1. Please work out which one of (1) at pLDDT below 95; (2) over 12 Å from residue A:250 (Cβ atoms) is the condition residue A:545 fails and give its number.
2. For the stretch A:529-539, does any single residue satisfy the condition of being near the ligand (Cβ under 9 Å from one of its atoms) and either of a type in the set (Gly, Ala, Ser) or under 23 Å from the mean Cα position of the chain (by Cα) (or both)?
3. Give me the helices (runs of 4 or more DSSP H) completely within the stretch A:339-394, filtered to those with at least 3 residues that are within 17 Å of residue A:409 (Cα to Cα), ordered by residue number.
4. Please enumerate the residues belonging to the stretch B:20-37 that are more than 21 Å from residue A:48 (Cβ to Cβ), in contact with a strand residue (DSSP E or B) (Cβ under 7 Å, 6 or more places away or on another chain) and either within 7 Å of chain A (Cβ to nearest Cβ) or aliphatic (A, V, I, L, M) (or both).
5. So, residue A:24, is that one at pLDDT below 95 and more than 8 Å from every other protein chain (Cβ to nearest Cβ) or not?
6. Quickly run through the stretch A:205-256 and pick out the residues that are within 16 Å of the ligand (Cβ to nearest atom) and either farther than 30 Å from residue B:30 by Cα or within 14 Å of chain B (Cβ to nearest Cβ) (or both).
7. Which of the residues that make up the stretch B:54-81 are touching a Cys at 6+ places or on another chain (Cβ under 8 Å), more than 13 Å from chain A (Cβ to nearest Cβ) and crowded, with 19+ Cβ neighbours inside 10 Å?
8. Please state which of the following conditions residue B:122 fails to meet, knowing it meets all the rest: (1) part of a loop (DSSP other than H, G, I, E, B); (2) surrounded by 14 or more Cβ atoms within 10 Å (Cβ to Cβ).
Amino acid sequence: MNGYNDKLYKILADVEKPARYCGGEWNTPDMTKPRKADMCFCFPELYEIGMSNLGVQILYDVINSDKDFVAERCFAPAADFAQKLKEDNLPLLSLETKKPLKDFTVLGFSIGFELLYTNVLYMLDLAGIPFYAAERGDEYPILLAGGPCAVNPEPFADFFDIIVCGEGEEADLNILRIIADGRADGASKSEILKRVKGVEGAYVPSLHKDGEKVVKAVIRDFENAPYPEKPLVPNIEAVHDRATLELYRGCASGCRFCQAGFWYRPIRERSADRCAELGKNMIENAGFGEMSLCSLSTGDYSELERLEDILIPYCERKRVNLALPSLRISSFKSDMARHSRKSSLTFAPEAGTQRLRNVINKNVTDAELDNLAEAFEIGYDSIKLYFMLGLPTETDEDIAGIAEICKRLKGLYYLKRHKRGLNISVSCAVFIPKPCTPFQWEEQASFEEMLRKQNYLRSLLREIKGVSFSWHGAETSVLEAALARGDRIQSKVIERAYRLGAKFDAWTEQFKWDAWTQAFADCGLTMQEYTRERSVDEILPWDFIDTGVSKTYLLKERELGYKEKTTKNCREGCNGCGALKLGRCTVC
Amino acid sequence: MLVLKYVKRADSCFISHIDLLRHVSRILRRADIPVKFSQGFNPHALVFFSSPLAVGVASIAEYLAVDTDMNGGELFERYNLAVPVTLAAIETFECGKNPNLQGKITAADYVFDTPFRQIDLSGFQIEYEKKGKTVIEDVSDKIYGSTNADGRFALRLASGNTSLRPDRILSELGKRLRTNLALSDICKTAQYVGTDGGFEDVDEYLKRV
Ligand code: SF4
């Protein structure tokens, strides 16, 4: 332990939730082993959010399991702690050994959401590290970024030396090896970056030439891919405070708005036996009282029944609550629901009418909604419904369809239970056209139009008893859309917004719309330039990434959407998206 | 009923009592300790704690009662394999019944690792914020004595129903020294149950019940 511990302890007495900053979690790996290089995972959100992130847990485990490397963690501190650091002239420290971020060989930022971009700068600022890669000499750590936002890394490309596009399990280790060897033989940062450039999934912005492609990194043997069987047990209650079991990657549904569904192709499942073994090990090693099955559409997992047969009795014996979230209506099995806690059902029809659901390829039919009657029969009294507003081709009739669904469910409930009292909570996100989806060219509804749609829906739902309505802020959605399809110039906008006080943008109470509009304006830009419709022959900032799924396929899917035609689930047969070239889909 | 005496120190000092409750249920699960559960609609594990420790304060005398059929030696061993050293158990006691420590404990000793060797306790006042207002309170009746064993300054403070938080004493000491003292410089070293006009160390009490 270095000399920062004492100084840190003095600060901790005066901040909220000090256990966010002290480390020492159960299952922390050996931090004293000899190493060729060390890396600090930086998560640009608070501890309790970052500790819930499966990606970080997986990669942390992968690196610490390697004999040559050690990984530590650092989360974005809350304002009170940041203030204390500044007052006491302390740099941002890692949790495990309280080492200044500046002293690591590599810093690896996990960026899962566009509204976290300013927090990257916030952390670098507190760490005393220059923002731009071009401003950092050999004395600084090499900065790596990865995570879901690497789908379009251009807005933050100037801040990083390397960006991992795709899955990090193998890519991170390969890169770390090259960096460690390079540092050992005295290579300069630019020499090391040249060597890294060839690694699958590695995008080196400073060396990238027009026309070059970066192929997305993919784990081919998902069955045996490493998994954190000894997960860290968070010091304070995390948002998802449980053992999380990833059943498969990718999604066979092909919803046309869903970035994750296209980005994580090919679709790779783990066997039920392997999943069960991992799940049990997590419970034995961490002691969590809850286990959740996590995938993009858990109910579609092909060996779900077998997995339940093993896990349900195990969890009962261990007094572990087995949570089965985000079920799709079409995969609703009352059997499954019978075994989970009957607090609330969660379903995501996404759109109010069959027509619009066909456009977005959300294969939930009105008839399937009627299956919910079974759930009411076995005792469910409340239901959460997720929708999106502002979808391509949406009309007021589609919005009214959302209210119709609520009425229909209330009717079903009454039929089954002979009483009123079904609680429905309707939650509406704003459609955001995202890169690497069939809707990547779409325009986002204007701010004013979005407010009109939200108000219209609110007025309809107000008339139905027992329905509560919540919606995403139109402002944050416009910003998210502008950044999601952003380009290199945006690094200047992000820096400007940070300087104007923007950080923790995902927190409504901290969101500074004015700072962002001014930041765009100061850089001679507007958000509307980014939320407009893109023409199909325009070169898009993320076109250089080969995700496996061809642009022709995305365009074909878009056309089918306009024709209100659906595409079958990949489990019924391959639709020829192109992802097969990166690895085998195990579901068709 | 088994009672574990355990420490809470270093990083673990910063875990709040509420979080500790959650941790203990995980510790018992991963240690595979068969804890008995209450009957009824909402069964809960029969696990009982001594009074909460202020966040940031260390202790070498915390207690955790567990209703289980396991023997003390095995519980001790399994528990210690399932916790970080900063929460390690140091002793076990077997009791015929629930010792009800939360209800019985009346005092605790705290060592203050500060430059102070002795302070005048008569009319000792502390100042703290309560609901946005500054309160000044004479707490000398809640300080039961001071010692200076091995050169370390220690106070016996009221604990339980009427209690005096050691962190408030510390901030008063800090004010006198014109410096900010770290809470981790306080360590609880013993807890006591009340007897007729005196105190009995919880360790002795547990051997008796
Ligand atoms: S379309 Fe074929 S290759 Fe693409 S995800 Fe579906 S099954 Fe895999």
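1. The number of the failed condition is (1).
2. no
3. A:366-369, A:372-377
4. B:28, B:33, B:35, listed by residue number.
5. no
6. Selection gives A:215, A:216, A:218, A:219, A:220, A:250, A:251, A:252, A:253, A:254, A:255, A:256.
7. Kept after step one, since they are touching a Cys at 6+ places or on another chain (Cβ under 8 Å), are these residues of the stretch B:54-81: B:55-60, B:65.
So of that shortlist, the ones also more than 13 Å from chain A (Cβ to nearest Cβ) come out as B:59-60, B:65.
Residues satisfying the conditions are B:59, B:65.
8. (2)
The values are calculated or read from the model by the stated rules, or taken from the named source; none is laboratory data. As the structure is a computational prediction, the values presented were derived from the model and not from experiment. Virtual Cβ from ideal backbone geometry, glycine too; neighbours counted across all protein chains shown. Keep in mind that these areas ignore ligands, DNA and RNA; they rest on the heavy atoms of the full protein, side chains included. Shrake-Rupley method; radii C 1.70, N 1.55, O 1.52, S 1.80 Å.
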